Amino acid sequence: MNSPVEERLRAALAEAGASIDPDTLRPLPAPARRRTWMDARLLAVGVAVTAGVAATAVGLSLGQGGDQVAVAEPARIEPGKADMTVFMCSTGALVPEEARCGGLDATAEEIAAAEQAVRGLSQVEAAYTVDQQHAYDDFRADLALNQPMLDAVKVTDLPVSIRLTVKKEADRREVEKSLRALPGIGGVADNAATEAVLESRSEMRVSVFLCGKGSPLPSCGGERKPDGMVVKEGKAATKAQKIALEKLIGDMPEVQSVTFEDQQAAYENFSREFASKKALLNATMVSDMPESFRVLLKQGSDWATPVATLRRQPGVASVFYVPCQQDSMLALSRYGVSPPEDKVCPPGS
């Protein structure tokens with residue numbers, strides 16, 4: 001069976017109309033798990049706290065003729081300026097399962113119809129359709145400093161998408177609901193939360209999450225079957241382990257500063273980020289939050305070595321290099337792809 005914490009979170013998420021692995025709420029994702037667009041939204045919160053605070057889709061230009069397309073072409077919407085991104089159905093190897101649409105790529109007719117429908121929504125201010133090649137060009141520019149990510153993604157992996165901006169008074173949830181109802185749509189990403197977090201990508205931050213009581217993670221002594229059933233609960237980090245960790249981190253030459261975040265502080269950050277999700281807040285307690293060390297590395301320093309070292313320490317549940325997690329979130333929310341974490345955020349990263 002699942003842990004009591006997981007059961008409470010599942011119930012709250014069900015009440016909110018979402019089917020999400022609650023592990024995403026406790027920024028401790030399983031490395032082999034492929035994210036969904038909702039996960040990206042939740043991961044944004046985890047990364048925000050960490051920083052201190054969805055073809056082979058059809059690769060074609062949309063429209064029915066050269067001169068006609070040039071005249072009708074709308075103003076370009078830059079990747080980071082889109083309020084939402086609509087991803088067309090795709091069989092690309094790196095798209096989330098929900099975007100595969102039963103193994104069928106969106107047809108040219110569906111893409112054209114979706115483009116017209118999006119622009120026809122009264123709450124949409126502007127929309128811009130992006131074919132695979134243009135999406136790939138933007139992807140490589142956005143992630144120019146992440147060579148593992150560039151190596152993992154090909155132009156044919158990217159779905160055709162529609163970037164859009166909404167009017168200030170728009171009901172974003174209603175807009176998203178209308179978009180998801182369109183034929184040929186594989187997914188919709190509301191970029192509000194993720195874009196705010198991505199502003200801090202230049203900061204070299206590391207999150208060191210500590211073991212909590214009853215953790216199913218092997219690093220904490222826990223054990224979980226492939227079907228998710230917890231068969232052995234792990235132990236929480238001891239006071240001595242926390243003291244030793246803080247000293248180890250403080251003595252690392254790459255470290256600029258380190259801050260300990262207890263469960264109460266983590267809960268307060270979580271509550272602020274999810275203030276509108278009453279069912280979720282009611283189902284979450286202070287004791288559900290992980291304790292952590294928030295580490296800021298010196299700009300330009302080696303980050304792989306301290307991350308690898310910290311992952312081996314007693315009492316440590318998981319360690320994340322935040323920019324790597326942010327890049328994964330950016331790839332999903334802006335471009336609709338989710339490369340395997342063991343390739344773009346390997347254990348030694």
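Distance between the pseudo-spin-label points of residue 264 and residue 137 (7 Å out from Cα toward the beta carbon): 5.4 nm. List the pairs from 213/247; 277/343; 168/277; 177/343; 239/277; 225/277 whose alpha-carbon separation is above 29 Å, in the order I gave them. Over 29 Å apart, Cα to Cα: 277/343; 177/343; 239/277; 225/277. Near residue 150, once Lys and Arg are set to +1 and Asp and Glu to -1 for all other residues with Cβ below 15 Å from its Cβ, the sum equals -2.
How would you classify the stretch 135-283 from its alpha-carbon gyration tensor, with a ≥ b ≥ c the square roots of the eigenvalues: rounded for a/c under 1.5, else prolate if a/b is greater than b/c, otherwise oblate? It is prolate, given that a/c is not under 1.5 and a/b is the larger ratio.
What is the gain in length, in nm to one decimal, between residue 113 and residue 311 on full extension, counting 0.36 nm per residue of separation less the C-alpha to C-alpha distance?
Values: separation 198, 0.36 × 198 = 71.28 nm, distance 4.91 nm.
Net length gain for the segment: 66.4 nm.
Placing pseudo-labels 7 Å out from each Cα toward the beta carbon at residue 244 and residue 342 gives an inter-label distance of 2.9 nm. Residue separation of residue 223 and residue 151 scaled by 0.36 nm, minus their Cα-Cα distance, works out to 22.6 nm of gained length.
For the stretch 142-253, what does the relative contact order come out to in percent, with C-alpha contacts under 8 Å and a separation of six or more? The partial results should precede the final answer.
Values: 73 pairs, mean separation 13.7, N = 112.
For the stretch 142-253, the relative contact order is 12 percent.
Couplings for the stretch 255-264, taken from phi via the Karplus curve 6.51 cos²θ - 1.76 cosθ + 1.60 with θ = phi - 60°, read 8, 8, 7, 9, 10, 8, 10, 7, 5, 5 Hz in order; Gly and Pro are left as x.
Each reported figure results from applying straightforward, stated rules to the coordinates on display, with no laboratory input. Every value quoted in this text rests on a predicted model; they were computed, and no experiment measured them. When we count neighbours, we look across all protein chains shown, and the Cβ atoms used for this are built from the backbone with ideal geometry, even at glycine.
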